[in-house]
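Report on one structure; see the data block that follows.
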2 protein chains.
Amino acid sequence: MLEAFKEAQIAASLDEVPIGAVIVKDGVIIARGHNLRESKQSPLLHAEIIAIEEAARVLGSWRLIDCTLYVTLEPCAMCAGAIVNARIPLLVYGAKDPKGGAVDSNVKLFEIPNLNHRPEVISGVLSSECSQILSSFFKNKRN
Amino acid sequence: MLEAFKEAQIAASLDEVPIGAVIVKDGVIIARGHNLRESKQSPLLHAEIIAIEEAARVLGSWRLIDCTLYVTLEPCAMCAGAIVNARIPLLVYGAKDPKGGAVDSNVKLFEIPNLNHRPEVISGVLSSECSQILSSFFKNKRN
């Protein structure tokens, strides 16, 4: 999660909402991502999406078997859906997102019926740091 | 929707699950997409995602204001979340997806609380053709 947090710091340095992600397989980081929505003017380029795309490219497969996705903030619906579609077995996230979170907060997407894959979830890892970097970012924006 | 259906036919010709999408702004198709998950081995490359990425590139903005997304099948959670994130005001889809549909069927994602955008939805357009091309594809796969 420290590595995902470093990615969030890179996003902050680019004036992007500071969210970062890494994907680990067999103890090795195979993909990294940080939010690039504004820089690239793409609604899709959340940290998780960038990392998932890179991991699929590295593995040469759309099935990210035996991979763990670490992300600093609870994923939104798009990213939670992408985690299901990529068959990622384990999601570890930092801070909860009461407004947009689609895993535990606003909707529990992994608990809906008929899913063809249900990731395991660990939450609250490095939560205060992951939350703090977001609060500082938005506080500076308001100043 | 006929143009989205043509995209689905292209997907079928590539041995991809036949789903197609187009995005229209001011009466003009600005982006097209068909499912490329297997060809590109990417879990993200659903028809809608490809079309949204292209539309954002064409418009130079992550906000797809005044755009309508036409897609042959009810979007999954990832794509429904992407539609929200892209602020697409109107979604028109063909066939319902009882298993993976995240708009009306398996989960009603646009009805969850706290969304920062709620697209309008028209469903059932060219529904039997959009459904039939999928049934034929899977029937051939089983033979």
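The values are calculated or read from the model by the stated rules, or taken from the named source; none is laboratory data. Please read these numbers as outputs of a predicted model, since none were measured by experiment. Counting neighbours? That spans all protein chains shown, and the Cβs are built from the backbone with ideal geometry, glycine included. Note: accessible area is taken over every heavy atom of the protein model, side chains too, but ligands, DNA and RNA are not part of it. Shrake-Rupley method; radii C 1.70, N 1.55, O 1.52, S 1.80 Å.
Values as computed for the structure displayed
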| read-out | value |
| --- | --- |
| Scattering curve values for the protein assembly as shown, log₁₀ I(q)/I(0), Debye with Cα scatterers, q = 0.11, 0.12 Å⁻¹ | -0.60, -0.71 |
| Residues with amide H under 5 Å from that of A:L73, placed H, sequence gap 5 or more | A:G20, A:G94, A:A95 |
| Rounded accessible area per residue of segment A:1-137, 1.4 Å, Å² | 40 |
| Debye log10 I(q)/I(0) for segment A:63-102, one point scatterer per Cα, at q = 0.15, 0.21, 0.32 Å⁻¹ | -0.32, -0.60, -1.10 |
| ³J(HN,Hα), Karplus 6.51/-1.76/1.60, whole Hz, each residue of segment B:61-70, x for Gly, Pro | 8, 7, 8, 8, 5, 6, 9, 10, 9, 9 |
| DSSP bridge orientation in chain B - percent antiparallel, rounded to nearest 5 | 55 |
| Contour minus Cα-Cα distance for A:S127 and A:K108 (0.36 nm per residue) | 4.9 nm |
| Chain B, helix-only ellipticity at 222 nm - DSSP H runs n ≥ 4, -39,500 (n - 2.57), divided by all residues, nearest 500 | -11500 deg cm²/dmol |
| Calculated from backbone phi, Karplus (6.51, -1.76, 1.60) coupling profile of segment B:107-123 in Hz, x at Gly/Pro | 8, 9, 5, 6, 9, 6, x, 6, 5, 8, 7, 10, x, 6, 9, 10, 10 |
| Taking all pairs of distinct alpha-carbon atoms in segment B:1-40, Kirkwood radius in angstrom | 10.1 |
| For segment A:1-136, the spread of Cα positions along each principal axis, largest first, Å | 38, 31, 29 |
| For B:V121, distant residues with modelled amide H under 5 Å away | B:L91 |
| Cα gyration tensor category, rounded, prolate or oblate, for segment A:32-97 with a/c compared to 1.5 | oblate |
| Shielding by other protein chains, B:61-72, mean Cβ within 10 Å | 1 |
| Residues whose placed amide H lies under 5 Å from that of A:N35, excluding near-sequence neighbours | A:I19, A:A47 |
| ³J(HN,Hα) computed for each position of segment A:20-30 - Karplus, 6.51 cos²θ - 1.76 cosθ + 1.60, integer Hz, glycine/proline x | x, 8, 9, 10, 10, 9, 6, x, 10, 6, 9 |
| Sequence-distant lysines (8 or more away, or on other chains) whose Cα lies within less than 27 Å of B:K96 | A:K108, B:K6, B:K25, B:K40, B:K108, B:K139, B:K141 |
